[in-house]
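Here's the structure, in structure tokens; my notes come after.
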Amino acid sequence: MAKILAVGNATLDIINVVDDYPHEDQEVRASSQQFRRGGNACNTLAILSQLGHQCSWAGTLADEPDAAVIRADLNKHHINCSAVHTSPHGKVPTSYVTLNRLNGSRTIVHYRELAEYHFNDFLRIDPGQLEWVHFEGRNIGEVTKMMSHLRQEQPDLMVSLEVEKPREGIESLFPLADLLLFSKGYALHHGHHHAKSLLQHIAAQKLEVTASCTWGERGAWAIDYAGRVFHTPAFSPPLVVDTLGAGDTFNAGMIDQLLRGHELELALIEAARLAGKKCGVYGLENIFL
Ligand code: ADP
Ligand code: FRU
């Protein structure tokens with residue numbers, strides 16, 4: 001199994017499960033509440049760790065009580081935190097999630113008051129030990145330095161980049177990755193009303209990357225070096241109860257499948273199958289039961 005590092009966020013997710021989605025200014029009672037460790041990079045690692053990989057996380061935490069929830073969960077998943085930077089100031093990024101029990105939709109209000117991860121902290125990591133590094137597409141200035149450093153020091157190391165939210169300058173990171181993992185939100189923001197349109201636009205730039213783009217219940221698409229486009233439908237569980245982290249699970253599925261040497265088309269199908277399973281259970285714990 002592979003040694004994988006992910007660079008990005010850990011969050012505290014406060015999840016209220018509701019029987020129907022409220023409208024503005026309504027008062028509703030949650031049927032249950034959960035406190036979970038979240039964050040795209042750490043969610044992806046939690047899945048990869050359950051798939052048997054040796055995982056490490058690089059990111060920031062605040063020195064405050066809520067960080068304990070995050071540390072405990074990462075510990076439970078055997079995710080190495082030796083490269084984590086703990087800031088004396090701020091608050092761990094916190095998401096207030098309204099989860100609709102009827103369709104699993106998750107509406108997120110996110111609050112962040114924490115410094116981003118710095119290149120200087122990243123330099124403490126020995127990339128020679130790693131087989132794959134996954135980046136969240138955020139904190140563009142510092143992540144540019146990290147990705148460039150890896151390209152220079154370890155040109156054969158596999159690097160993936162999650163491109164979920166449109167952010168200024170994020171496109172400058174694309175040539176530094178081997179695999180780009182796009183979201184529907186990014187595609188729509190850039191005027192692509194179909195995943196295929198975004199992926200063909202990326203392929204036209206001849207960046208020598210493979211890329212995928214998820215599209216919720218419509219499944220996901222991918223494009224290979226030769227410009228061949230593949231599609232997988234979504235795999236619906238008997239009941240969709242929780243879509244929080246579906247994209248992060250899909251990303252873990254892609255990384256795992258490609259590390260196993262599978263072709264892109266099969267990787268895409270298996271990643272969607274895994275993400276579909278996740279939508280049928282609460283959290284990231286019971287997917288493999
Ligand atoms: P995100 O969690 O980042 O918003 P998506 O909603 O695009 O990401 O979901 C990622 C993948 O998870 C999709 O490509 C699909 O394979 C799967 N998925 C999402 N929603 C569902 C659903 N309701 N039923 C089955 N699979 C789903
Ligand atoms: C799910 C997630 C949550 C987190 C939010 C941050 O993809 O990582 O766990 O609160 O997104 O944007």
So if each residue of separation counts as 0.36 nm, and I subtract the Cα-Cα distance between TYR21 and GLU285, what length gain in nm does that give? 92.6 nm
Counted charge near VAL18, where neighbours are those whose Cβ lies closer than 13 Å (Asp, Glu -1; Lys, Arg +1): -1
Order the following by accessible area, largest value first: ARG36, ARG273. Probe radius 1.4 Å; ligands, DNA and RNA are ignored. ARG273, ARG36
Kindly work out what percent of the DSSP beta bridges joining two residues of region 137-289 are antiparallel, to the nearest 5. 50
Greater than 24 Å apart at Cα, pairs in LYS165/LYS206; LYS76/LYS145; LYS145/LYS206; LYS206/LYS277: LYS76/LYS145; LYS206/LYS277
Cα gyration tensor, region 59-103 - rounded (a/c under 1.5), prolate or oblate: oblate
Whose amide H sits under 5 Å from the amide H of LEU123, counting only residues 5 or more places off or on another chain, with H placed in the peptide plane? none
Rolling a 1.4 Å sphere over the protein heavy atoms, what is the accessible area per residue of region 63-210, to the nearest Å²? 50
Solvent-free Debye scattering, log10 I(q)/I(0), computed from the Cα coordinates of region 3-279 at q = 0.07, 0.09, 0.10 Å⁻¹: -0.24, -0.40, -0.50
Run the Debye formula on the Cα coordinates of region 149-274, all scatterers equal and no solvent, and tell me log10 I(q)/I(0) at q = 0.15, 0.18 1/Å. -0.66, -0.95
Rounded to the nearest 10 Å², the accessible area of ASP178 at probe 1.4 Å: 30
Here the percent of antiparallel bridges among DSSP beta bridges lying wholly in the chain, to the nearest 5, is 40
Using the Karplus curve 6.51 cos²θ - 1.76 cosθ + 1.60 with θ = phi - 60°, what ³J(HN,Hα) values do you get for each residue of region 92-99, in whole Hz, with x for Gly and Pro? 5, x, 10, 10, 9, 10, 9, 9
Rounded to a whole number, what % of the accessible area of region 154-289 do carbon and sulfur atoms account for, probe 1.4 Å? 53
In the full protein assembly as shown, how much of MET147 is accessible to a 1.4 Å probe, in Å² to the nearest 10? 0
What is the antiparallel percent of DSSP beta bridges lying wholly in region 1-140, to the nearest 5? 40
Added length on full extension, which subtracts the Cα-Cα distance from 0.36 nm per residue, HIS149 to ARG167: 4.4 nm
Net charge (Lys, Arg +1; Asp, Glu -1) of residues whose beta-carbon lies under 13 Å from that of PHE230, PHE230 excluded, is -2
Size of the dipole of the chain about the Cα centre, Lys and Arg at +1 and Asp and Glu at -1 on the beta carbon, nothing else charged, in debye to 20? 340
Go through SER236, GLN205, HIS110 and say which Cα lies farthest out towards the positive end of the charge dipole of the chain; charges sit on Cβ, +1 for Lys and Arg, -1 for Asp and Glu. SER236
May I ask you to evaluate 6.51 cos²θ - 1.76 cosθ + 1.60, the Karplus curve with θ = phi - 60°, for each residue of region 202-217 and list the ³J(HN,Hα) values in order in whole Hz, giving x for glycine and proline? 5, 4, 5, 7, 6, 8, 6, 10, 9, 8, 10, 8, 8, 9, x, 5
5 Å is the cut-off here: which amide hydrogens, built 1.01 Å from N in the peptide plane, fall below it relative to ASN80, excluding neighbours closer than 5 in sequence? CYS55, SER56, TRP57
Report the accessible area of HIS190, computed with a 1.4 Å probe over the heavy atoms of all protein chains in place, in Å² rounded to the nearest 10. 80
Per residue of region 261-271, in order, report the coupling 6.51 cos²θ - 1.76 cosθ + 1.60 (Karplus, θ = phi - 60°) as ³J(HN,Hα) in whole Hz, putting x for Gly and Pro. x, 6, 5, 4, 4, 5, 4, 4, 5, 5, 5
Could you put TRP221, TRP57 in order of accessible surface area, largest first, with the 1.4 Å probe and the full protein assembly present? TRP221, TRP57
Which percent of the accessible area of region 36-120 is formed by carbon and sulfur heavy atoms (probe 1.4 angstrom)? 52
Could you give the length gained by full extension between ARG124 and ARG112, i.e. 0.36 nm per residue of separation minus their alpha carbon distance, to one decimal place? 1.8 nm
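The values are calculated or read from the model by the stated rules, or taken from the named source; none is laboratory data. Just so we're clear, the structure is a prediction, and the values are computed from it rather than from any experiment. No Cβ is skipped: glycine too gets one built from the backbone with ideal geometry, and neighbour counts run over all protein chains shown. All accessible areas refer to the heavy atoms of the entire protein, side chains included, with ligands and DNA or RNA removed. Shrake-Rupley method; radii C 1.70, N 1.55, O 1.52, S 1.80 Å.
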